[in-house]
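**Q** One structure follows; several queries about it will come next.
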Amino acid sequence: MSNQKLAIVAFGGNALIEDDARCSILDQSATVEKNVTYIVDLVEAGWRVLLTHGNGPQVGFILRRSDLAACEVAPVPVDYAVGDTQGAIGYMFQRALTNELRRRGLNTPVVALVTQTLVDENDPAFDTPCKPIGGFMDEATAKANEDKYGWTVVEDSGRGWRRAVPSPRPKDIVELDVIEKLLDTGALVIAGGGGGIPVCETTEGQLQGLEAVVDKDLTTALLASKLNADAFIIPTGVEKVAINFGRPDQQWLDTLSVDEAARLSEEGQFGEGSMKPKVEALLSYVRNHDSAIGIITSPQSLAKALAGDTGTRIVK
Ligand SMILES: NC(=O)OP(=O)(O)O
């Protein structure tokens, strides 16, 4: 077991799309290339790094292509679409990280691992699709697609309408031991992408894929707990979390105890579907780990935030 500290960084799928009008795979890859420098800063600062990533927009794009091509080719099941995003987004990060490490004369190996997440096939989430995926639509288009394709559509945090799919809670990570061993070899590991491919275990002990998308922040919290990570960081669009966001009395937050963060979350200080799930994911991890820290900050500030110089920290 390495004595280097372990940081888990969770990049959102939306963070790969800087501009809705420029969301091609190459545009997303260019965004990844801009961001990997901040992850390599952590490696240079002596951290072991496990990177997870979202896939909400990307899995929706794959399913949309599948819908459009349905008259010619068989549709893509959702669990396979999640696997596709782990490969494509994993490749973007793997190549860009390797290039940045080489530029800095570092020989850290980078590996992207197809990861399965164990869920309960009877999770009530399968009855109520709520995980937004794909691009944003106006309400009329969303409702028309609901009728035409049998989608469930939801309004997503005041940003527009999106297709929604079931999102069961993660219970375990099938490849956990492999992830741990890879980290111990000194590799920078990309795993748990898109929350992991949801699978359940049959009574015969076989794994079976399920058509759903797991929340990547919940999966990352589970990974952080299972691996006893020292830090769980969620990069986002702001350097720090604020209360009274966007109002004259807005106040940026530096350090919050678990109790303070839980109270502010309950008071509705953090946006549903945006800051609240991030805070809740960090809370679920920090609450049970005495010396662990949870951090929300901008990608540019990852290393500074881990050094304690910026970002919002949640501590026990
Ligand atoms: N799977 C998942 O939670 O992806 P996003 O973070 O991109 O929504």
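**Q** Run through region 109-173 and list the GluC sites (Glu not before Pro) located in a DSSP loop whose Cβ has at most 12 other Cβ atoms within 10 Å.
**A** Taking region 109-173 and a limit of 12 other Cβ atoms within 10 Å, no loop GluC sites (Glu not before Pro) are found.
**Q** While we're on this one: Which GluC sites (Glu not before Pro) in region 207-292 pass both tests, a DSSP loop state and at most 13 other beta-carbon atoms within 10 Å?
**A** Taking region 207-292 and a limit of 13 other Cβ atoms within 10 Å, the loop GluC sites (Glu not before Pro) found are Glu267, Glu272.
**Q** Just grab the label-to-label distance for Val315 and Cys130, each label 7 Å out from Cα along the Cβ direction, in nm (one decimal).
**A** A separation of 3.3 nm, rounded to one decimal place.
**Q** Give me the number: length gained by fully extending Ala140 to Glu266, i.e. 0.36 nm times residue separation minus the C-alpha to C-alpha distance, one decimal in nm.
**A** Taking 0.36 nm per residue and subtracting the Cα distance, the gain is 42.1 nm.
**Q** A follow-up question, please. Output wanted: per-residue J couplings in Hz (rounded whole) for region 260-267, from phi through Karplus 6.51 cos²θ - 1.76 cosθ + 1.60, θ = phi - 60°, x for Gly and Pro.
**A** 5, 4, 5, 5, 5, 5, 5, 6
**Q** Using only the Cα atoms of region 1-138, each taken as one equal point scatterer with no solvent, compute I(q) by the Debye sum, divide by I(0), and report log10 of the ratio at q = 0.12, 0.16 Å⁻¹.
**A** -0.58, -0.94
**Q** In region 1-100, which GluC sites (Glu not before Pro) fall in coil by DSSP and have 14 or fewer other Cβ atoms within 10 Å?
**A** Of the GluC sites (Glu not before Pro), the ones in loops of region 1-100 whose Cβ has at most 14 other Cβ atoms within 10 Å are Glu18, Glu72.
**Q** With θ set to phi - 60° and the Karplus curve 6.51 cos²θ - 1.76 cosθ + 1.60, what are the ³J(HN,Hα) couplings of region 171-176 in order, to the nearest whole Hz, using x for Gly and Pro?
**A** Values per residue, Gly and Pro as x: 10, 7, 10, 4, 8, 3 Hz.
**Q** Taking the Cβ-Cβ separation of Lys181 and Asp120 as r and a Förster radius of 25 Å, what is the calculated FRET efficiency to the nearest 0.05?
**A** Once the sixth-power term is evaluated, E becomes 0.40.
**Q** If you take the charge dipole of the chain about its Cα centre, with +1 on Lys and Arg Cβ and -1 on Asp and Glu Cβ, which of Leu182, Val258, Pro77 is farthest toward its positive end?
**A** Leu182
**Q** For the chain, set up a GNM with springs between Cα atoms under 10 Å and report which of Asn228, Asn14, Asn244 has the largest fluctuation.
**A** Asn244
**Q** Over 30 Å between Cα atoms, which of Lys34/Lys143; Lys34/Lys316; Lys181/Lys304; Lys143/Lys276 qualify?
**A** Among Lys34/Lys143; Lys34/Lys316; Lys181/Lys304; Lys143/Lys276, the Cα-Cα distance tops 30 Å for Lys34/Lys143; Lys34/Lys316.
**Q** Same structure, new question: If you take the Cα Rg of the chain and divide it by 2.2 N^0.38 Å, with N the number of residues, what do you get?
**A** Against the compact-globule rule of thumb, the ratio is 0.97.
**Q** Under 5 Å between amide H atoms, partner at least 5 residues away or on a different chain: which partners does Ile197 have, H built in plane at 1.01 Å?
**A** Thr115, Gln116, Thr117
**Q** Can you bin region 230-315 into rounded, prolate or oblate? Criterion: square roots of the alpha carbon gyration tensor eigenvalues sorted a ≥ b ≥ c, rounded for a/c under 1.5, prolate for a/b above b/c, oblate for the rest.
**A** oblate
**Q** Counting other C-beta atoms within 10 Å, which of Thr297, Thr219 has the fewest, and how do the rest follow?
**A** Thr297, Thr219
No lab work stands behind these numbers, since they all come straight from the coordinates. No experiment lies behind these values; they were computed from the predicted model shown. Because the Cβ atoms are built from the backbone with ideal geometry, glycine has one as well, and the counts that use them run over all protein chains shown.
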